[in-house]
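For reference, the structure is listed below as structure tokens.
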Amino acid sequence: MTETGSAYGLWVLVTVNSAIFVLFAFSFFKPQTARDWRSFGAFSAFIVALFTEMYGFPLTLYLLSGWLQTRYPGVDWLSHDAGHLLEMLFGWKANPHFGPFHLMSFVLIGAGFMLIGAAWRVLYTAQRSGTLATGGPYGHIRHPQYAGFVLVLLGFLLQWPTLLTLAMFPVLVAMYVRLARSEEQQAEAEFGAAWRRYAATVPAFVPRRRRMERT
């Protein structure tokens, strides 16, 4: 069911993977204010905690080891495969990398990255021309980049849930909401009536179904 032997203590992988995702996030966040830096720091902490448990030290598995060994005695909980907790808990018998939760995580992570990238191109063009970003993903939701990051985080939680990242997730979402509100105040101050008309027809984070069907 799972591979044997410990698959942890791989701190080079922890460092490399954490650095890649943190630098990627920094290229889009471009934090300037204290609030920006706090949100970026929280996101970075989420990523480091995730890969630390994925390749370094499986804290969640150790904390839950008594309950897990009692309920699932046939699983080697120190194997890498066992870290895919959702596949293990729901009795997925094959390779967990091809399990439903793992595959769904790739869909969410990929969709999140695509949304972030598409939104960045529209926002970059709008900022250079001094106009309000309303095209592409901004035609469906007002904050596609933050929505994209949430999709990425959800994807990682499906792929490798840990106690720490589960606790951090709602904190990050709350930070994104606060950042979004702050940016909306700045946009209204800069664009005035144009922003208010845009905000009245385009939702903040979740697209309206009818609007999506028309495009």
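Odds and ends about this structure:
- Scanning segment 138-148 for residues that are closer than 17 Å to Y124 by Cβ and either open to solvent by less than 10 Å² (accessible area, probe 1.4 Å) or not hydroxyl-bearing (S, T, Y) (or both) returns G139, R142, H143, P144, Q145, G148.
Every residue, every condition in (1) more than 14 Å from the chain's Cα centre (by Cα); (2) open to solvent by 20 Å² or more (accessible area, probe 1.4 Å); (3) among the hydroxyl-bearing types (S, T, Y), yes or no:
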| position | (1), (2), (3) |
| --- | --- |
| G9 | yes, yes, no |
| T15 | yes, yes, yes |
| F24 | no, yes, no |
| A34 | yes, yes, no |
| S39 | no, no, yes |
| T52 | yes, yes, yes |
| L59 | yes, yes, no |
| L63 | yes, yes, no |
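- In segment 111-138, the residues that are farther than 21 Å from Q185 by Cβ and hydrophobic (A, V, I, L, M, F, W, C): A111, F113, M114, L115, I116, A118, W120
- In segment 65-80 there is no residue matching the filter, namely being closer than 30 Å to T134 by Cα and surrounded by 13 or more Cβ atoms within 10 Å (Cβ to Cβ).
- Only one of G41, G66, G56 that is in contact with a Gly (Cβ under 8 Å, 6 or more places away or on another chain) and not aliphatic (A, V, I, L, M): G56
- Screening the candidates V12, V107 for the property of being among the β-branched types (V, I, T) and under 23 Å from L172 (Cβ atoms) yields one hit, V107.
- Pick from segment 73-92, criterion farther than 23 Å from G9 by Cβ and of a type outside the set (A, V, I, L, M, F, W, C), ranking: modelled with the highest pLDDT: P73
- Note on segment 93-208: enclosed helices (runs of 4 or more DSSP H) holding 3 or more residues that are modelled with pLDDT under 95 and under 27 Å from R38 (Cα atoms) are 100-129, 144-159, 163-191.
The values are calculated or read from the model by the stated rules, or taken from the named source; none is laboratory data. Treat the numbers as computed from the prediction; the structure is a model and nothing was measured. Counting neighbours? That spans all protein chains shown, and the Cβs are built from the backbone with ideal geometry, glycine included. For the accessible areas, the whole protein counts, side chains as well, though only heavy atoms, and no ligand, DNA or RNA atoms are used. Shrake-Rupley method; radii C 1.70, N 1.55, O 1.52, S 1.80 Å.
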